[in-house]
Amino acid sequence: MNNLSNGNKKTNLEFSASNAGNVFSLAVVFLLVFSLFWSILIKVFKIDTDFVYFANYIPAPLAVICALLTLYLRGNKDCFKLLKPTKPSKNAILATVLITLGLVFGVSKINEYFMIYMQVFFDAVTPPTMPNFSPLNLVFAIIFICIIPTITEEILMRKVVLDGLKEVGEVFAVFAGGFIFAIFHMSPLQTIYQFIVGCAFSYIVIKGGNYLVTMVAHLFNNLYIILNYYIFKINIINYCSILEVVIPLLAIGCFIAGIIVLAKNGKKLEENINKEKLIEFLISSAIGIIICISMWVSSMVG
């Protein structure tokens, strides 16, 4: 991870390509170290409670915080000032609502078929589970799965990393942002969904939003998953097969409408790629990308 404190000086409250890549790589390295330490701690002290499951989500947010602190301590004193969000446009807010509805009720449904495919062909890939329901477990799930990871992930992905990717090119940033968001989770079953979410959220931010609007959208997505798992045990669409088709189709319509609203909002995205900035980002983020892909592959083969 090179030139941690020597990224280009920005005047528009953005992280440079090199600093963004360095923060990502540091976050992944810290995540690996904290996860290994936590797993060793569990085995040594033979901890086996429901809280342990939820505490497994702590290393990732802690890793992001430590990565930003490292950047700050290495000389980038404007590091935390750069996190100040801008005011989102009204169109960006409207588009975020439409796109989020499309993701949660439409794209996620399509992803279920991908999950079935993955489980059939890859025995090592298993769907996530959570501890049995209790009021306390519900609170833990909301705090440790929904709130804390969402805040730190949006800061890392839709602010730090996306700032650096925008220096390379805005169209590139949308798809590269989706790719990095997906591999950061190292979850084969959710790869397609997370890639689409990452691309959509990156597009929202670039076209006039900020990471606060995507943070709210991300919170809603995670909260719905938790409540659906613990509370909505009976899916109402199972009582009417037509709804199982209509609801996802309407949701996909919302998603497309949101994209159209964004496309008409402001100027067209910059398509040109700055090769110098691309090299800077790739070099500085290489360690993080290699680790994430390696862990993703290991999850596939067990």
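Between ALA55 and GLU112, what's the calculated FRET efficiency when r is the beta-carbon distance and R0 is 41 Å? Round to 0.05.
0.90
Describe numerically, in nm with one decimal, the distance between label points set 7 Å from Cα along Cα→Cβ at ILE93 and at GLU244.
Here the answer is 3.8 nm between the modelled labels.
Ignoring solvent entirely, what values of log10 I(q)/I(0) come out of the Debye formula for the chain at 0.09, 0.15 Å⁻¹ when each Cα is a single scatterer?
-0.46, -1.29
Roughly how large, in nm² to one decimal, is the mean projection of the convex hull of the alpha-carbon atoms in segment 68-181?
Numbers: hull surface 44.5 nm².
That works out to 11.1 nm².
How much length is gained on full extension from LEU36 to LEU282, taking 0.36 nm per residue of separation minus their Cα-Cα distance?
My answer for the length gained is 86.0 nm.
Can you show me the helix-derived [θ] at 222 nm for the chain, built from DSSP H runs with n ≥ 4 at -39,500 (n - 2.57) apiece and divided by the number of residues, rounded to the nearest 500.
-22000 deg cm²/dmol
Loop-only check: which trypsin sites (Lys or Arg not before Pro) in segment 162-235 are DSSP coil with at most 14 other Cβ within 10 angstrom?
Filter output for segment 162-235: LYS233.
Once phi is turned into ³J(HN,Hα) by the Karplus curve 6.51 cos²θ - 1.76 cosθ + 1.60 with θ = phi - 60°, what whole-Hz value does each residue of segment 143-159 show in order, with x for glycine and proline?
Along segment 143-159, the couplings run 6, 8, 9, 8, 6, 5, x, 4, 4, 6, 5, 5, 4, 5, 7, 9, 10 Hz.
Run through segment 72-155 and list the trypsin sites (Lys or Arg not before Pro) located in a DSSP loop whose Cβ has at most 13 other Cβ atoms within 10 Å.
Within segment 72-155, the qualifying trypsin sites (Lys or Arg not before Pro) (loop, at most 13 other Cβ atoms within 10 Å) are LYS77.
With 10 angstrom as the radius, rank HIS185, HIS218 by how many other C-beta atoms surround their C-beta, starting from the fewest.
Fewest-to-most ranking of HIS185, HIS218: HIS185, HIS218.
Take every Cα pair under 8 Å in segment 17-301 that's 6+ residues apart, average their separations, divide by the length, and report that relative contact order as a whole percent. Mind dumping the intermediate values first?
On the way: 378 pairs, mean separation 105.2, N = 285.
The normalised contact order for segment 17-301 reaches 37 percent.
Tell me the label-point distance for the pair ASN274, SER294, using the 7 Å Cα-to-Cβ offset, in nm and rounded to one decimal.
Taking the two extended label points, one gets 3.1 nm.
Applying 1/(1 + (r/R0)^6) with R0 = 35 Å to the Cβ-Cβ distance of PHE45 and PHE232, what FRET efficiency is obtained, to the nearest 0.05?
In this case the efficiency is close to 0.45.
Here, each number is a calculation from the coordinates, and none is a lab measurement. As the structure is a computational prediction, the values presented were derived from the model and not from experiment. Cβ sites come from the backbone with ideal geometry, for glycine too, and all protein chains shown count toward neighbours.
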